[in-house]
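Have a look at this one before I ask anything.
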Amino acid sequence: MDQRLDSKVAIVTGAAQGIGEAIARMFAQQGCFVYVTDIQHERGRAVADALGAQACYAPLDVRQEDDWRRVTAQALAERGRLDVVVNNAGVTGFECGVVAHDPEHAELADWHAVHRTNLDGVFLGCKHAIRAMRPQQTGSIINISSRSGLVGIPGAAAYASSKAAVRNHSKTVALYCAEQGLRIRCNSIHPAAVLTPMWEPMLGTGADREARMAALVRDTPLRRFGLPSEVASVAVLLASDEATYITGSEFHIDGGLLAGTAVTPAVVGGADA
């Protein structure tokens with residue numbers, strides 16, 4: 001179905017690359033006007049420019065409430081409404097190199113830095129989305145959590161904690177909006193191993209890249225990485241009017257990882273075997 005988001009207006013955070021970029025591109029393809037936001041200004045502008053009349057770039061540091069006030073006000077002033085907010089911007093805590101993020105050795109400052117982006121940024125995004133959508137009493141808030149928000153990650157405690165909090169806060173926002181009599185929906189998406197720039201340092205570019213990739217997903221039943229476009233497709237559904245009865249839900253995009261362990265198919269003889 002084409003143009004599933006026709007005439008809608010969206011803000012997508014962390015849209016300069018990876019999953020955020022894929023969502024921005026697919027939203028625009030489906031007829032949505034997209035505010036591409038990020039703190040990577042050059043990359044963000046390039047994405048918006050590639051989308052032409054369907055997008056513009058708006059600098060947004062999700063940790064700063066004034067930035068949220070400015071961008072939501074811009075959307076309302078320029079487009080007259082805000083229909084969708086995708087809270088995608090996130091950090092792992094390892095962007096500047098390997099540091100301790102286990103429960104015993106993590107520094108409080110490093111813990112706070114991850115939560116400021118991954119959790120405070122989502123809180124602010126939800127807060128200002130509700131305020132911007134309240135006049136029309138309808139809209140969709142999509143929070144990008146992670147498979148790590150459902151299981152423990154000993155070496156990335158802050159990341160796992162922040163994504164678990166995003167999962168729970170999404171449900172709280174959904175219930176709050178329903179309690180207020182608003183048709184503003186809030187759902188979370190939980191990707192696992194999705195092939196984004198975040199993985200590149202681990203994969204490398206050498207001859208053993210394919211072997212590294214296979215090793216990293218050997219416990220995934222579908223035995224491959226997911227693609228950013230596969231996450232974007234779910235975001236399109238949640239942003240569309242086809243999902244108006246879906247709120248407070250979570251969507252796992254993990255190749256079956258949380259379902260359990262898949263047994264490698266064996267060749268069985270006989271038509272009735």
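The values are calculated or read from the model by the stated rules, or taken from the named source; none is laboratory data. Predicted model, so just to flag it, every value in this text is computed and none were measured. Using ideal geometry, Cβ is built from the backbone for each residue, glycine included, and neighbour counts are taken over all protein chains shown. Only protein heavy atoms, including side chains, enter the accessible area calculation; ligands, DNA and RNA are left aside. Shrake-Rupley method; radii C 1.70, N 1.55, O 1.52, S 1.80 Å.
Do the conditions hold for A239, that is, is it surrounded by 14 or more Cβ atoms within 10 Å (Cβ to Cβ), closer than 21 Å to L82 by Cα and either in contact (Cβ under 8 Å) with a residue 12 or more places away in the chain or among the hydrophobic types (A, V, I, L, M, F, W, C) (or both)?
So A239 passes the test.
Only one of I184, I153, I141 is more than 17 Å from T244 (Cβ to Cβ) and either modelled with pLDDT of 90 or more or not in a helix (DSSP H, G or I) (or both). Can you tell me which?
One residue alone meets the criteria, I153.
Can I ask one more? Do we have any residue at all in region 181-191 that's more than 19 Å from the chain's Cα centre (by Cα), open to solvent by 40 Å² or more (accessible area, probe 1.4 Å) and without any contact (Cβ under 8 Å) to a residue 60 or more places away in the chain?
Taking every residue of region 181-191 in turn, at least one turns out to be more than 19 Å from the chain's Cα centre (by Cα), open to solvent by 40 Å² or more (accessible area, probe 1.4 Å) and without any contact (Cβ under 8 Å) to a residue 60 or more places away in the chain.
Same structure, new question: What residue, among those in region 69-116 that are of a type in the set (V, I, T) and free of Cβ contacts under 8 Å to residues at least 24 places away in the same chain, is least open to solvent (accessible area, probe 1.4 Å)?
Filtering first and then ranking leaves V99.
OK, next. Suppose the filter is part of a helix (DSSP H, G or I) and either at positive phi or open to solvent by less than 30 Å² (accessible area, probe 1.4 Å) (or both); does S233 pass it?
Answer is no for this residue.
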